[in-house]
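Here's the structure, in structure tokens; my notes come after.
The values are calculated or read from the model by the stated rules, or taken from the named source; none is laboratory data. Not measured: the values here are computed from a predicted model. Methodologically, a virtual Cβ is constructed for each residue, glycine included, from the backbone with ideal geometry; neighbour enumeration extends over all protein chains shown.
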Amino acid sequence: MDSALDQAIEFLTTPSAIAPTPEAVVEALLMAEKAAKQSKRRYAYPQLLGTWRLGFITGTKKSRQRAGIMLGAGRFLPKWVKIHLSYSPSDSNQERGRVQNCVELGLLQFILTGPTQFWSKTNILAFDFTRMNVSLSGLKVYEGYIRGGKERETRFYEQSVKEQAFFTYFLVQNQSIAARGRGGGLALWTRIS
């Protein structure tokens, strides 16, 4: 692995570590993605199980052009922004499961959940967020299906990956994962549990 990527993972997991430049992290992520494609490395859904904290993101070229210099090529999320992604298995299928995306901003917490499908030939994890929970200071504000979620959840496994949101994982290690989103942006997470 590239030293800028090692440095980024250390920065995200160790309070006293120093962050590499965002440009160096983007370059390291692109190199890791290229190496994974060249080696035709395949992952399995069980390798993604657990809870991961989002630590570094990039926008797509199109969004960077719209945002101008503000967004830049990539950025570390502030420590006070907590975005956790959790994958859990299905009882009956090794390639299916559930996703939970939890966003905490102060006393406000949003949790989105839904089904997942992993395509090991392409390292693509398709997902849909069909339910939402919102709480403020631990008090439930909303809980239920969103945007026709119940119907979308029942049809999820009948859809092709082209119809779904997805991440293409190119780095899956014990303490970190990285992927390219359907929109073209890159993301790096570190393991929490």
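Taken over the range 38-73, the criterion of being at positive phi and either β-branched (Val, Ile, Thr) or at pLDDT 95 or above (or both) is satisfied by GLY50 alone.
Taken over the range 86-111, residues that are closer than 22 Å to GLU151 by Cβ, touching a residue at least 24 places away in the same chain (Cβ under 8 Å) and within 13 Å of the chain's Cα centre (by Cα) amount to 2.
Scan the range 72-102 for residues that are farther than 24 Å from GLN173 by Cβ and buried (at least 16 other Cβ atoms within 10 Å of the Cβ) and the total you get is 0. Checked against the criterion of being hydrophobic (A, V, I, L, M, F, W, C), under 21 Å from ASN93 (Cβ atoms) and buried (at least 18 other Cβ atoms within 10 Å of the Cβ), the range 162-169 contains one or more residues that satisfy it. Within the range 128-140, one or more residues are more than 12 Å from the chain's Cα centre (by Cα) and under 30 Å from ALA35 (Cα atoms).
Taking the residues in the range 11-46 that are buried (at least 17 other Cβ atoms within 10 Å of the Cβ) and of a type in the set (D, E, K, R) as candidates, determine which candidate is farthest from the chain's Cα centre (by Cα). The selected residue is GLU27.
Criterion applied to ARG152, ARG147 was being basic (Lys, Arg), surrounded by 15 or more Cβ atoms within 10 Å (Cβ to Cβ) and not in a strand (DSSP E or B), and the one residue passing it is ARG152. Among the residues of the range 14-24, none is identified as modelled with pLDDT of 95 or more and under 26 Å from GLN100 (Cα atoms).
The single condition among (1) assigned to a strand (DSSP E or B); (2) farther than 26 Å from GLN47 by Cβ; (3) out of contact with any Ser or Thr (no Cβ under 7 Å at 6 or more places or on another chain); (4) not hydroxyl-bearing (Ser, Thr, Tyr) that ILE83 does not meet is (2).
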